[in-house]
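Q: There's a structure below that I have some questions on.
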Amino acid sequence: MIETLYTALLLAVGAADVNSVNNQMAAQSLETTRYQATSFWANANRNKLLTLVSDLDADSTKELPAVKEGQSVINGGLLPDTYGLVLTDRFKRLFGYCSYDHGTMKTSSGYYQGIDTPNDETVIGVVISSGADGLFQSDCKDLLSREAQNDDLAIYITQGQIP
Ligand SMILES: [Ca+2]
Ligand SMILES: [Ca+2]
């Protein structure tokens, strides 16, 4: 199927553009690979972050580590660099990170203010790659309801995943 499409494409563009088509296909395949690798590392970070939860404001709701300040996803920051996390995506750019403070107490710095009564489905953190365009279009406020924007690749961490 792909071979047929490829042949049809070559016939359509003419032999002179074969290299250009080849380059385009290689670029697309590289991009796919980078997305897969990015997704893999973001997942690895999620698993590590889930071992680092604590009820830092003593309201019986656990928080992930706070964000590290830095230019990143809107209303968020960067992954903390003190836990051996993978800090960059496969485009070699820093991952963004949202961390939410839920529960009856939610004023800790380094967190986006969450909701009073989180449940297992509630997002408590997001590891996010800016994608191929290198720009974060997403906002931690909207990521709370899983609304990643444009080509940003978001891996959500939920309360129910806390071991
Ligand atoms: Ca809290
Ligand atoms: Ca982006």
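Values in this text are rule-based calculations from the coordinates and carry no lab data. In this text, all values refer to a predicted model and were calculated from it rather than measured experimentally. Backbone-built Cβ (ideal geometry, glycine too); neighbour counts: all protein chains shown.
Q: Arrange the peptides 37-43, 115-121, 61-67, 71-77 so that the one whose residues have, on average, the most other Cβ atoms within 10 Å appears first. Intermediate results must be reported in sequence, preceding the final value.
A: Values: 37-43: 17.6, 115-121: 11.7, 61-67: 21.6, 71-77: 19.7.
So the peptides 37-43, 115-121, 61-67, 71-77, ranked by packing, come out 61-67, 71-77, 37-43, 115-121.
Q: For segment 71-87, take each phi angle, set θ = phi - 60°, evaluate the Karplus expression 6.51 cos²θ - 1.76 cosθ + 1.60, and give the result in whole Hz per residue in order, putting x for glycine and proline.
A: 5, 6, 4, 4, 6, x, x, 10, 5, x, 9, 10, 10, x, 6, 7, 8
Q: Given the chain, what percent of its DSSP beta bridges are antiparallel, to the nearest 5?
A: 85
Q: Work through the residues other than Ser129 whose Cβ is under 14 Å from its Cβ and net out their charges, Lys, Arg +1 and Asp, Glu -1.
A: Neighbourhood net charge equals 0.
Q: A further question on this structure: Given N residues in the chain, what is Rg(Cα) / (2.2 N^0.38 Å)?
A: Numbers: Rg = 19.7 Å, N = 163, 2.2 N^0.38 = 15.2 Å.
Cα Rg divided by the expected 2.2 N^0.38 Å: 1.29.
Q: Would you work out the relative contact order for segment 2-161, in percent, from Cα pairs under 8 angstrom that are 6 or more residues apart?
A: After rounding, I find 19 percent.
Q: Hey, what do the phi angles of segment 147-157 turn into as Karplus ³J(HN,Hα) couplings, whole Hz, using 6.51/-1.76/1.60 and θ = phi - 60°, x for Gly and Pro?
A: The phi angles translate into 10, 6, 10, 6, 9, 5, 10, 10, 10, 8, 10 Hz.
Q: Please give the charge dipole size of the chain, origin at the Cα centre, charges +1 on K and R Cβ atoms and -1 on D and E Cβ atoms. Round to the nearest 20 debye.
A: 440
Q: Also, I was wondering about something else. Which three extents, in angstrom, do the Cα atoms of segment 115-163 have along their principal axes, listed largest first?
A: Principal-axis extents of segment 115-163 (Cα, largest first): 35, 21, 9 Å.
Q: Can you give the helix-only mean residue ellipticity at 222 nm for the chain, where every DSSP H stretch with n ≥ 4 adds -39500 (n - 2.57) and the sum goes over all residues, rounded to the nearest 500 deg cm²/dmol?
A: After summing the helix terms and dividing by residue count, I get -10000 deg cm²/dmol.
Q: Same structure, new question: Classify segment 56-102 as rounded, prolate or oblate, taking a ≥ b ≥ c as the square roots of the eigenvalues of its Cα gyration tensor: rounded when a/c is under 1.5, otherwise prolate if a/b is larger than b/c and oblate if not.
A: Numbers: a/c = 2.97, a/b = 1.91, b/c = 1.56.
Verdict is prolate for segment 56-102.
Q: Also, quick follow-up: Order of 143-156, 79-92 by packing, highest average Cβ count within 10 Å first?
A: Most protected by this proxy first, the peptides run 143-156, 79-92.
Q: List every residue whose amide H lies under 5 Å from the amide H of Ile124, counting only residues 5 or more places away in sequence or on a different chain, with H placed 1.01 Å from N in the peptide plane.
A: For Ile124, whose amide H was placed from the backbone, the distant partners under 5 Å are Ile157, Thr158, Gln159.
Q: Taking every Cα atom in segment 20-74, find the radius of gyration and the maximum pairwise distance Dmax, and write them in Å.
A: Taking only Cα atoms of segment 20-74, I get Rg and Dmax of 18.2, 60 Å.
Q: Report the far tail of the P(r) of segment 71-163, meaning the percent of Cα-Cα pairs longer than 24 Å.
A: Values: 736 of 4278 pairs.
Above the 24 Å cut-off, segment 71-163 has 17 percent of its Cα pairs.
Q: Once every Cα of segment 43-123 carries one equal point scatterer and solvent is ignored, give the base-10 log of I(q)/I(0) from the Debye formula at q = 0.15, 0.21, 0.24 Å⁻¹, two decimals.
A: -0.53, -0.99, -1.22
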